[in-house]
Amino acid sequence: MSDKAYAVTPEWAGRAWIDDAKYQALYERSISDPEGFWGETGRRLDWIRPYTKVKDTTFGPGEVSIKWFEDGTLNVAANCIDRHLATKGDQVAIIWEGDDPSKDETITYSQLHERVCKFANVLKAHGVKKGDRVTIYLPMIPEAAYAMLACARIGAVHSIVFAGFSPDSLAGRIDDADSHFVITADEGLRGGKTVPLKKNTDEALERCTKGGGKVLVVRRTGNPVPFKDGRDLWLHDELAKVDADCPPVEVGAEDPLFILYTSGSTGKPKGVLHTTGGYLLYASITHQYVFDYHDGDIYWCTADVGWVTGHSYIVYGPLANGGTTLMFEGVPTYPSPSRFWDVVDKWSVNVFYTAPTAIRSLMGAGDDHVTKSSRASLRLLGSVGEPINPEAWEWYHRVVGEDRCPIVDTWWQTETGGILITPLPGAIAQKPGSATLPFFGVRPQLVDDKGTPLEGAAQGNLVLLDSWPGQARTLYGDHDRFVQTYFSTYPGTYFTGDGCRRDEDGYYWITGRVDDVINVSGHRMGTAEVESALVTHPKVSEAAVVGYPHDLKGQGIYCYVTLNTGEEPSDDLKKELVKHVRHEIGPIASPDIVQFAPGLPKTRSGKIMRRILRKIAEDEFSALGDTSTLADPSVVDDLISNRQNRK
Ligand code: WTA
């Protein structure tokens, strides 16, 4: 094996669900006989009407259609709750750890059942039915999981909007999903600070042109919030009016389960649509094998339910497996940078799954914050969201995991529904920085810019040759955009948007996005969205946004801004623009660097040459390449002499 590798220990090979021999055999089978493999695996779920068809998928060219288990019916909430009641009614399903370390709660499967049924009855009482879209704008409180499962129980489609998004972003998502029911809280609480969720929702609804409707409000902080009679409902009042009897609705495997908006390289965020059967199966099987989940394990994924990681690996995967999942309301550094490890010790967490950006920031805070905790319960560590640099990987392994915990570096996307490339801890030796090898049924390929397949050790664009059950089926209301975005660049394949290298051992190393999507602290952001936000400022005439390497965040947001004639650049205006973007999109989109630019490098046909802007943002302007096609090559000199990121 080339590069530094951490071999699977005999202990792990012995204890894990999947060892090397099983991985080889099952992977081979999943590729040569997907019908057989998934047909058998699909039985891990409880079906109301069992499927007779397994896979009916085509990636084009031409029509793109993805169907799994299409004649089967099931209910996701019944799979995540009801079927565990007989054996695990008193087992804890959800551990909730509040922002304030003195606040926590444990919820057993029986309690979860009762609360989800009542929640679902509240939705029904207000007219929500199968197929309706429900927008959820909640902090990390148990009600977020209840709301998701309540929707699933009655066949409604949830669309969760991360609670850090602005009223404008929320309004766009409510409208696009044509959603007429919103679930929010009075306020959120993170790192000791409140987040005005109800106020944001009110503002969003004022801006909605299509969606809107009723607002169901969870009392979280209890601080006074405006209330609109006839539209707004307190959850606690509504719960008092309903009983706990709510039979799960029969749902088709290909009926939608949820929509989740994510950023693309152009235009508005895309409503990625996941359906019921294949998604749940894939979330469940990956959760079991990748995290080597066994009954009784305490599992903690630090993501937020506003992102896909929270959907698949806080709620659906772990609960489908009858697991105990920890839900954390707070942030890694509050009240101190020891918080993660304090929580690990408090609940004896066995499996811990987080993002490289958190690892890097905790690494910066010093080892003492880690070493003063015990962490003896930890057995396995995971990473997701962006490439993990080898230094952070080694620190995570050595300091957090005391050299005894394997690390699963899991590569996947909102569109993939679940993990596609990852080590399996009992089967695959890990190399720091590599997501290693494909999961069952996943067929990665590297292609050059023309789409020619690259064999052996190579670097190129990552595509997938065949479907897997967790794959997104479409973009809500816009199948053409789905086809255009993912299946037209390299016809007949799903294009991930990621660059990737494959080494001599066949290991995959994701190198980052090759499109105009940037990854800031593990959050996906379209540069076009930040540009649109900037140009709504009255003083801005034009803007171009690129990513640049950032020590903590992975990538930072670098904005080139051209002001309207007569406007003066100033530091105050820079601050104002940063505030403006935060207000338009949300704090996760805060620009790191603003550079005023009298002109942007454009081709004669008016296309901005981002390659040049990226190089200048990276302070690599000696390698600008050919600039002769620019309409006005002199703008480049000004951009270079005023560059803001000098190393
Ligand atoms: C990046 C998050 C390298 C990648 C689950 C992908 C990663 C995008 C990894 C999807 C990883 C995610 N190594 N890069 N282990 N995991 N990415 O939709 O660029 O928020 O395309 O899904 O994150 O981000 P998304």
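Excluding ligands and nucleic acids, what accessible area in Å² is computed for Ser169 using a 1.4 Å probe, to the nearest 10?
Roll a 1.4 Å probe over it and Ser169 shows about 10 Å².
Using θ = phi - 60° and the Karplus curve 6.51 cos²θ - 1.76 cosθ + 1.60, what whole-Hz ³J(HN,Hα) does each residue of region 156-172 get, with Gly and Pro shown as x?
Here the 3J(HN,Hα) series is 7, 9, 8, 10, 8, 10, 3, 5, x, 7, 6, x, 4, 4, 5, 4, x Hz.
Over 23 Å between C-alpha atoms is what I'm after, so list which of Lys129/Lys241; Lys346/Lys372; Lys124/Lys228; Lys130/Lys241; Lys124/Lys199 land there.
The answer is Lys124/Lys199.
Order of 466-474, 441-449 by packing, highest average Cβ count within 10 Å first?
By packing density, highest mean first, the sequence is 466-474, 441-449.
If each DSSP helix of 4+ residues adds -39,500 (n - 2.57) and the sum is divided by the residues in the chain, what number results at 222 nm, nearest 500 deg cm²/dmol?
Rounded to the nearest 500, the figure is -8000 deg cm²/dmol.
Counting Lys and Arg as +1 and Asp and Glu as -1, what is the net charge of the other residues whose Cβ lies under 10 Å from the Cβ of Val545?
Residues near Val545 contribute -2 overall.
Quick check: net charge around Ala156, other residues with Cβ under 10 Å of its Cβ, Lys/Arg +1 and Asp/Glu -1?
+4
If the rule is a partner Cβ under 4.7 Å, which cysteines in the chain fail it?
Cys80, Cys151, Cys208, Cys301, Cys405, Cys500, Cys559
Considering only Pro598, Ala358, Leu462, whose Cα is most displaced toward the positive end of the charge dipole of the chain, charges sitting on Cβ of Lys, Arg (+1) and Asp, Glu (-1)?
The residue sitting farthest along the positive end of the dipole is Pro598.
Rounded if a/c is under 1.5, else prolate if a/b beats b/c, else oblate: with a ≥ b ≥ c from the C-alpha gyration tensor eigenvalues square-rooted, which is the chain?
Judged from the Cα gyration tensor, the chain comes out rounded (a/c under 1.5).
Provide the packing ranking of 242-250, 130-138, 558-566, i.e. peptides ordered by the mean count of other C-beta atoms within 10 Å per residue, highest first.
130-138, 558-566, 242-250
Shape of region 228-366 from its Cα gyration tensor (a ≥ b ≥ c, root eigenvalues): rounded if a/c is under 1.5, otherwise prolate when a/b > b/c, or oblate?
Because its axes are fairly even, with a/c under 1.5, region 228-366 counts as rounded.
Of Lys198/Lys270; Lys22/Lys270; Lys22/Lys553; Lys88/Lys270; Lys268/Lys647, which ones are farther than 28 Å apart at the Cα?
Flagged as over cut-off: Lys22/Lys270; Lys22/Lys553; Lys88/Lys270; Lys268/Lys647.
Rounded to whole Å, give me the distance from the Cα center of region 165-219 to that of region 314-335.
23
Could you tell me what % of all Cα pairs in region 112-188 have separations over 18 Å?
Within region 112-188, distances greater than 18 Å cover 36 percent of Cα pairs.
Using the Karplus equation 6.51 cos²θ - 1.76 cosθ + 1.60 (θ = phi - 60°), what ³J(HN,Hα) coupling, rounded to whole Hz, does each residue of region 140-150 give in order, writing x for Gly and Pro?
3J(HN,Hα) across region 140-150, in whole Hz: 7, 10, x, 4, 5, 5, 4, 5, 4, 5, 5.
How big is the dipole moment of region 521-642 about its Cα centre under a simple scheme where the beta carbon of each Lys and Arg is +1, that of each Asp and Glu is -1, and everything else is neutral? Debye, nearest 20, please.
440
In whole Hz and in residue order, list the ³J(HN,Hα) couplings for region 405-417 that follow from phi through the Karplus curve 6.51 cos²θ - 1.76 cosθ + 1.60, θ = phi - 60°; x for Gly and Pro.
Running phi through 6.51 cos²θ - 1.76 cosθ + 1.60 with θ = phi - 60° gives 9, x, 10, 9, 8, 9, 9, 6, 8, 3, 6, 8, x Hz.
Under 5 Å between amide H atoms, partner at least 5 residues away or on a different chain: which partners does Ile183 have, H built in plane at 1.01 Å?
Those lying under 5 Å, H to H, from Ile183 are Thr135, Ile136, Tyr137, Leu216.
Within a Cβ distance under 9 Å of Pro248, other residues only, what is the Lys/Arg minus Asp/Glu net charge?
-1
Does region 521-642 come out rounded, prolate or oblate, given a ≥ b ≥ c as the square roots of the eigenvalues of its C-alpha gyration tensor, rounded meaning a/c under 1.5 and, failing that, prolate meaning a/b above b/c?
The shape class here is oblate.
Within the chain, what percent of beta bridges assigned by DSSP are antiparallel, to the nearest 5?
If I count the DSSP bridges inside the chain, around 60 percent turn out antiparallel.
About its Cα centre, what dipole magnitude does the chain give when the only charges are +1 on Lys and Arg Cβ and -1 on Asp and Glu Cβ, stated in debye to the nearest 20?
Its charge dipole is roughly 560 debye.
The values are calculated or read from the model by the stated rules, or taken from the named source; none is laboratory data. What you are looking at is a predicted structure, and each value in this text was computed from that prediction instead of being measured. Methodologically, a virtual Cβ is constructed for each residue, glycine included, from the backbone with ideal geometry; neighbour enumeration extends over all protein chains shown. Surface areas here come from the heavy atoms of the whole protein model, side chains and all, with no ligands, DNA or RNA. Shrake-Rupley method; radii C 1.70, N 1.55, O 1.52, S 1.80 Å.
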